[in-house]
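Student: Before we start, here is the structure in question, set down as structure tokens.
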Amino acid sequence: MTAAGAAPAPNGETISGIATITGAPAGWWSPSNFYVVLCPAHVKFTLVCRGQRDPDTNQSTGRYTVNVAAKAWDVGVYYYTVNGQMILGAGVAVPVRPGQAVTQNVTVAYRVPAVQGTVRLTGAPKDFDSLAYMGVQACPGRVSFSVGCRGGQEAYEDVGPGSSYLIDLAPGSWNVAAYYLNDANTQRFSGTPVAITAAAGVTRTVNVVIAYQGI
């Protein structure tokens, strides 16, 4: 495989373009990172696919370049929210052009968070932050609530006592609760889940509370 930016081999092609996030509201924070992913066209386009390529994406300009085998690819972009959730745009088919350079710009639409609020922890010792870490878990209404539940979504980066959080969810019934784990990740504690119904384009406020239960 040739280095990025070099002329592609006869049986390869160079794909490059600009990745952007569209529709973000005025004053929205810039994502800490966003990335381009390529999947072979014969597999499902996801964040992790068989045979994928992950080109370097310039965090200031959104520009990416990658040399790949000349075959059918789907390319898309995803970004991390402030609390660590990954939002993936749709994959776009890239033309097969052996030995040539292909320009393919990609976008991902900003998603209005389905739920947001504050995190409250009661009864915790003053050194809690050195003993454990927190998050907010959302589980589909059809499954039993648990940290890491099947089909769940969560906010975890920069989540702690008194912090805010946001989570994007597919429309439908969900249960949302705060949780914390000890630093050794051997014990998990969760608060009482709050039932919500998520709707596209609507942000609901759910302030979550959890009582300290030991470490």
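Student: Take the Cα atoms of the stretch 29-93, build their convex hull, and give its volume per residue in Å³.
Tutor: Values: hull volume 5.4 nm³, N = 65.
In the stretch 29-93, the Cα convex hull volume per residue is 83 Å³.
Student: Within the stretch 164-195, find all residues whose amide N lies under 16 Å from a label point positioned 7 Å from the Cα of LEU131 along Cα-to-beta-carbon.
Tutor: Only 180-190 pass the distance filter.
Student: Grab the other residues whose beta carbon is less than 15 angstrom from that of ASN175, score K and R as +1, D and E as -1, and report the net.
Tutor: Details: positive: ARG142, ARG150, ARG204; negative: GLU154.
Around ASN175, the charge tally is +2.
Student: What are the ³J(HN,Hα) couplings of the stretch 71-77, residue after residue, when phi is run through the Karplus curve with 6.51, -1.76, 1.60 and θ = phi - 60°? Round to Hz, x for glycine and proline.
Tutor: Result, ordered by residue: 8, 6, 10, 10, 10, x, 10 Hz.
Student: Show the residues, 5+ positions off or on another chain, whose built amide H is closer than 5 Å to the amide H of GLN100.
Tutor: Under 5 Å from the amide H of GLN100 lie the amide H atoms of THR14, each far enough along the sequence or on another chain.
Student: Now for a separate question. Given (1) 1.07; (2) 0.95; (3) 1.11, which label gives Rg/Rh (Cα atoms, Kirkwood Rh) as computed from the coordinates?
Tutor: (1)
Student: If you don't mind, there's one more thing I want to ask. Express the relative contact order of the stretch 115-211 as a whole percentage, based on alpha carbon pairs under 8 Å and six or more residues apart in sequence.
Tutor: Working: 219 pairs, mean separation 37.2, N = 97.
Relative CO of the stretch 115-211 lands at 38 percent.
Student: How about the stretch 12-76: which chymotrypsin sites (Phe, Trp or Tyr not before Pro) there are in a DSSP loop, with at most 11 other Cβ atoms within 10 Å of their Cβ? All intermediate terms of the calculation are to be shown ahead of the outcome.
Tutor: Working: sites: TRP28, TRP29, PHE34, TYR35, PHE45, TYR64, TRP73; in loops: TRP28, TRP29, PHE45.
Passing sites in the stretch 12-76 are TRP28, TRP29.
Student: Using θ = phi - 60° and the Karplus curve 6.51 cos²θ - 1.76 cosθ + 1.60, what whole-Hz ³J(HN,Hα) does each residue of the stretch 115-125 get, with Gly and Pro shown as x?
Tutor: Values, residue by residue: 9, 8, x, 10, 10, 10, 10, 10, x, 7, x Hz.
Student: If you don't mind, another one. Taking the Cα centre of the chain as origin, sum charge times position over the Cβ atoms of Lys and Arg (+1) and Asp and Glu (-1), and report the length of that vector in debye to the nearest 20. Present the calculation step by step, with values, prior to reporting the outcome.
Tutor: On the way: 13 positive and 11 negative charges, 106 e Å.
Once rounded to the nearest 20, the dipole reads 520 debye.
Student: Provide, for q = 0.13, 0.14, 0.26 Å⁻¹, the log10 of I(q)/I(0) from a solvent-free Debye sum over equal Cα point scatterers in the stretch 152-215.
Tutor: -0.39, -0.45, -1.30
Values quoted throughout were computed directly from the atomic coordinates according to the rules given, and no laboratory measurement underlies them. Remember, it's a predicted structure, so these values are computed and weren't measured experimentally. A quick note on method: Cβ atoms are made from the backbone with ideal geometry, for glycine too, and the neighbour counts reach across all protein chains shown.
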